[in-house]
């Protein structure tokens, strides 16, 4: 397996560092890797002095482990990932499915490292957005609930910026539109720029309305919460297992577990489980292969009426109405 030790940042020096490690070179905004199984795109674009984006749209013909070892700590990485295939985040030997079918939104401080493994045949479409902390701090300073604790939010001794979740439907739509855009010519830069602003607007709108949980999180706690998320996803067709069991498996008290789970995911454990259950149920619905009752049975809803009620509460429409809009 090829090993690529690399870093990211708003500044672009990391681009000339990572290109030869991938067996390629830099040409304008592109990292060109000759001899790949299929044409792919690695596109880097400074959006402004505070934001840089890295667009990856390739099919891998070999196994690679990326080891993120940032040397700068002045930015936050926001990763939107629609990868299909065998791709995982790894923290302290605990893996978490990444991409379209798993954790497809990750936000974490540049201080946090980790590994990302992709297997041969994996089709990756991913946007990595790097934002200066100063820009985020200025943005949140305009919000009343953040203003009083702003210094604490961005103080690594008091708080860790980290989130692992699934992207919103709006973010998925924006990503899909960009994926279907030919990655050449000046209009591609315009499309990428618009997508980045759209994704960040969607994410920040959600974040600013969420409860603020200030806490410095050690790597072990992050690993345990990620492991708990993975367990819930793996058992998405079963009933909710309960907080006491989840907390014990994460080696935490129930109070600490609920607090850290909400900090890292932005949702309660039960809310996370239901949201993902509905997301998988919606994907099953979109295939056209199952009735509402069959999907309700598959995902352990009480009955079809219960699924319809929860679907409407989450998506603002019934499953039947949703299908007519596809």
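In the stretch 301-324, how many residues are in contact with a helix residue (DSSP H, G or I) (Cβ under 8 Å, 6 or more places away or on another chain) and either modelled with pLDDT of 95 or more or closer than 22 Å to residue 240 by Cα (or both)? Result for the stretch 301-324: 11.
The residue of the stretch 97-111 that is nearest to residue 68 (Cα to Cα), among those that are at pLDDT 55 or above and either within 13 Å of the chain's Cα centre (by Cα) or crowded, with 20+ Cβ neighbours inside 10 Å (or both), is 110.
Taken residue by residue, the stretch 81-96 has at least one member that is at pLDDT 85 or above and part of a strand (DSSP E or B). Please enumerate the residues belonging to the stretch 233-261 that are surrounded by fewer than 14 Cβ atoms within 10 Å (Cβ to Cβ) and in contact (Cβ under 8 Å) with a residue 24 or more places away in the chain. Selection gives 237, 238, 239, 251.
Specify which of the listed residues (318, 314) is in the same structural domain as residue 243 (by TED's automatic domain parsing), more than 17 Å from residue 237 (Cβ to Cβ), out of contact with any strand residue (DSSP E or B) (no Cβ under 8 Å at 6 or more places or on another chain) and without any contact (Cβ under 8 Å) to a residue 12 or more places away in the chain. Going through 318, 314 in turn, the sole match is 318. From the list 276, 209, 224, the lone residue that is at pLDDT below 90, in a loop (DSSP other than H, G, I, E, B) and under 20 Å from the mean Cα position of the chain (by Cα) is 209. When each of 248, 238, 284 is tested for being outside any helix (DSSP H, G or I) and either modelled with pLDDT under 95 or over 22 Å from the mean Cα position of the chain (by Cα) (or both), the lone residue that passes is 238.
For the stretch 287-299, a residue qualifies if it is part of a loop (DSSP other than H, G, I, E, B) and either free of Cβ contacts under 8 Å to residues at least 60 places away in the same chain or exposed (fewer than 14 other Cβ atoms within 10 Å of the Cβ) (or both), and the qualifying residues are 288, 289, 290, 291.
Of the helices (runs of 4 or more DSSP H) lying entirely inside the stretch 126-193, not one is found with 3 or more residues being touching a helix residue (DSSP H, G or I) at 6+ places or on another chain (Cβ under 8 Å) and without any contact (Cβ under 8 Å) to a residue 24 or more places away in the chain.
Being in a helix (DSSP H, G or I) and exposed (fewer than 12 other Cβ atoms within 10 Å of the Cβ) is the filter here, so list the residues in the stretch 307-321 that pass it. Selection gives 313, 320.
If you go through the stretch 41-57 and keep only what is at pLDDT below 95 and either part of a loop (DSSP other than H, G, I, E, B) or buried (at least 21 other Cβ atoms within 10 Å of the Cβ) (or both), you end up with just 42.
Within the stretch 182-195, the set of residues being surrounded by fewer than 16 Cβ atoms within 10 Å (Cβ to Cβ) and within 20 Å of residue 123 (Cα to Cα) comprises 182, 184.
The values are calculated or read from the model by the stated rules, or taken from the named source; none is laboratory data. For clarity, every value in this text was computed on a predicted model and none was experimentally measured. Using ideal geometry, Cβ is built from the backbone for each residue, glycine included, and neighbour counts are taken over all protein chains shown.
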